[in-house]
Structures are given as C-alpha cells and as structure tokens.
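What follows draws every value from the coordinates through simple rules; no lab data is involved. Just so we're clear, the structure is a prediction, and the values are computed from it rather than from any experiment. As a convention, Cβ positions derive from the backbone with ideal geometry for all residues, glycine included, and neighbour counts pool all protein chains shown.
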Amino acid sequence: MLKLLNLLPSSSSKLFSRYILSLSTKLPPPLTRPFSHHPATTTMSINLRTHAFAGNPLRSRTPNRVEPFSPAAAHETLKTRIAETAGESVSVNLKVLPFRNGRPLASSGSSDTWRLAWLGLEEVKRLLGANLSADSFVYLGYDADEDSVYWAIDLSRESSLVAEFGAMKLCFVELRTLMVATDWVDLKAMGSLAIAGHARALLEWYNISRFCGHCGEKTVPMEAGRRKQCSNESCKKRIYPRVDPVVIMLVIDSDNDRALLSKQSRFVPRMWSCLAGFIEPGESLEEAVRRETWEEVGIEVGEVVYHSSQPWPVGPNSMPCQLMVGFFAYAKSLEINVDKEELEDAQWHSREEVRRALTFTEYKKAQQTAAAKVEQMCKGVEKTHSLSTEFNVESGELAPMFVPGPFAIAHHLISSWAFPDKDINGIECRSKQPSGSMSNL
C-alpha cells in the first residue's frame, strides 16, 4: 500500500490547530493517572501535563521581530558575537546545543537523570575556530528571565570533536535512548526532551532542504534558520519546516468490551500497539482513521473520537517531525483481515488482558536501565545492548504481551481505555473515555 504524505508548512499550522479544535466541544478529564508503584502491582501511569516531546519550555510564545529575543534580533546578536574577540561585553547569554547525526550532546550525573550539554558561544568558537558561521545555527527559543537565547548546531562533519567531548564526560546520545531514559515525573527532564526533539526536527529538516524543490538552486537560511528561501532571484520560493501528520487509533469493540491491537515484525517480541498511518492528500483526519483501519485489518469504523496529539521527532531522517494525532475508533464490523505487508498480526484483546499487559510491564525499570546506559556512554564504558532491552523489562513471570511505554501516545490511548473509571489504586473517578471531546494534553 502506497502512503502519500501530506506536508504542512509552518504557515498552515494555525489552520491545522483550528481544525483539531473543531473536532471537539468539551474537555475530558486527564488522560493519565498519577504515577504510583506498589509491591502488589507494577501498573504504571503518568500524570503528564503534555506528551513526551510536547510542552517545550522555549516555545511558550514567539516574540515580535522588534523584541531583543526574536529570531531576527537574536541572529544579529549571534553574528556580532561571533565576530567579537573574547572578553568583550556580554549582554545576552547564547547557549548552544550540539548535534551529531541527529544525536544531541548530553551528560549524566550520579543520579538516574541525564542533562542536555549546553555550550557557551565562546566554547563553540574555540572548538570550531574559523569554520564558524552564524548560518550554521538554528534558533530554538529564549528564556527572558535568564537573558538567554538557545541555539542548535549540527557538528556531524566535525568528527575530531567526539574525543574532546568524551574527555569532558559528554557524548552524543540517540534521542530514542534519551526518550526512554527520561523520568516522566521530572518536569525539567521532560522539558529538556521536548527541546531536544524540537532541535533535532529543525536540524534534520535544515539538512535535507539545501536545494529548492522547484528550481533546484541552493537555498539560504532565513529567520535564524526557521525557514529557508531559494537563492534564485526568479524563484525565491519560501521553504518551511515540514510536518508529517499521522493518525494513530485504538479500535474499540464496544459491545464485547475489547480493543484491537496489532504488532509488526520490527517490534520487540510480544509488544502490541495501536494501528497508525499517514494522512493522504485531500482527506480529513477521520477519513484517514477509517481508511487505514480498513486497509490494515479489514474492519469498518463508525464513530471517530479525538484523544490527543504528540510530536514525534524520532522517526527517519526523511520525516524529521511526525505529528501523531490520536483517536478512539469504534468498530462497526469485527472480522479481522490482516494486511501482511503492513502488519505481522492483529487481534482483539479484552479489557482485562490489556490491563494485565500494563501491569506486567515495569516501565520505571526500563527508564532506569536506559538512564544507566546514558551514564555509561558519557563515561566511555557503554555496554552493547539494544533498545529492546530497555523496552522489555518485566517482573517475575514472562508477560504474554505488553504495550509501548508512557513516552508514546499509544500507551495513553490504550491505558485510558483499559482504566476508564478507576485510578491506579482502584478509586472511582470520572470516565476517561471521551465522547466527541478533546483531551487537555
């Protein structure tokens, strides 16, 4: 099945947001329950203010062009500071997050937390010398309270710096590893993850948009790297960071109290998740949910209810920022006909089976394992093991199935259906299964 991509430039983001809002008229209760870990159970739900990679603290608002922290003004300051010699007056702190092959520079302390390794501009100038240009930086945002502007830079071609960073106990870490290693109740860590995700998405887009898709001429960065423009005077096409929207849906059999979960050959063994697929040009989100469900499992869907959305910057480099748009999809037919080119299997699972899958999987242990891996990498003593180890940590007996961890929107779609009326301790609460409503995430 060929899945065409619907590309949404930045100029369309407001219209897209309005369309999402038009799907709902009420706000439901929160998606998730507070984290709790008891000896009798290992079920885990996180009281997230936002999904992983959302809630970027540097993106609270975009300043006006005349403000000192705006992209245009900040870029002028950056150019001036690059040309200055060390020791001259500093009015604004310029903090830089280096990347290498899509991996942010990180550090790890004695605890089970990681940190982004922000460098001062003077340190970056020392490392790169005459090779440094203001057009190499991408604007991420600012913190007015700290008089700081934040930037990202791609150092993939500067292989000699890896050893120098290693001597400083810093290393470039896969964003997926940092995602799993993040303590979901740590708001600062979640904010850092969102910043790193935003930076990776921008840098990957920046690297794959070097030439105009209309005339083939080189592009030049504009607005501090937040958009590009064709250098051809007769073209001057504007190019914005791309967003690839994906629908992800939990298909529900209301009459029999079941949910449909699927697995792919690339999944960790015994992991099941929701159906998902890219939106095709000319179709609505609801139409995409119904089409993808029919194509992948042969089930007809009726009502489609919006749940929440999540930026997903850990896909392939060719799609640097997917937007996962989550739905509950209510089945009108029940017979499954799996498209083997898309899925390995798909099955109906009872609510109790799904609850057990959430109970058996110890996501907190997975987070601690990944955090320990980051610490080992930064110390230069990384042990070779795959991400499957981090996702596949269980307690006691072998779990017959489990679902993605709380870093993924799939987890929250599944857990909010599995526990609609009770919190983690069995206390009655408002239903978490909305009807024609939008999440407050």
(request) Take the Cα pairs of the stretch 106-151, get the Kirkwood Rh, then feed it into Stokes-Einstein at 20 °C and 1.002 mPa s and tell me D in µm²/s. (result) 169
(message) If amide hydrogens are placed 1.01 Å from N in the peptide plane, which non-local residues have theirs closer than 5 Å to the one on residue 236?
(response) 230
(message) Restricting to Cα pairs below 8 Å that are 6+ residues apart, what does the relative contact order work out to for the stretch 149-303? Please round to a whole percent.
(response) 11
(request) Using θ = phi - 60° and the Karplus relation 6.51 cos²θ - 1.76 cosθ + 1.60, list the HN-Hα couplings for the stretch 91-100 in order, rounded to whole Hz, with x at every Gly or Pro. (result) 9, 10, 7, 10, 10, 10, 10, x, 10, 9
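Below 8 Å between Cα atoms, with a sequence gap of 6+, how large is the relative contact order for the stretch 118-168 in percent?
On the way: 26 pairs, mean separation 12.4, N = 51.
Relative contact order, the stretch 118-168: 24 percent.
Against the 2.2 N^0.38 Å scaling, with N counting residues, where does the stretch 57-237 land? I'd like the Cα-based Rg ratio to two decimal places.
On the way: Rg = 16.8 Å, N = 181, 2.2 N^0.38 = 15.9 Å.
The stretch 57-237 yields a ratio of 1.06.
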(request) Quote the relative contact order of the stretch 57-237 in percent (integer), defining contacts as alpha-carbon pairs under 8 Å separated by 6+ residues. (result) 24
(request) Could you tell me which trypsin sites (Lys or Arg not before Pro) in the stretch 231-276 are loop residues by DSSP with no more than 11 other beta carbons within 10 angstrom of their beta carbon? (result) 266
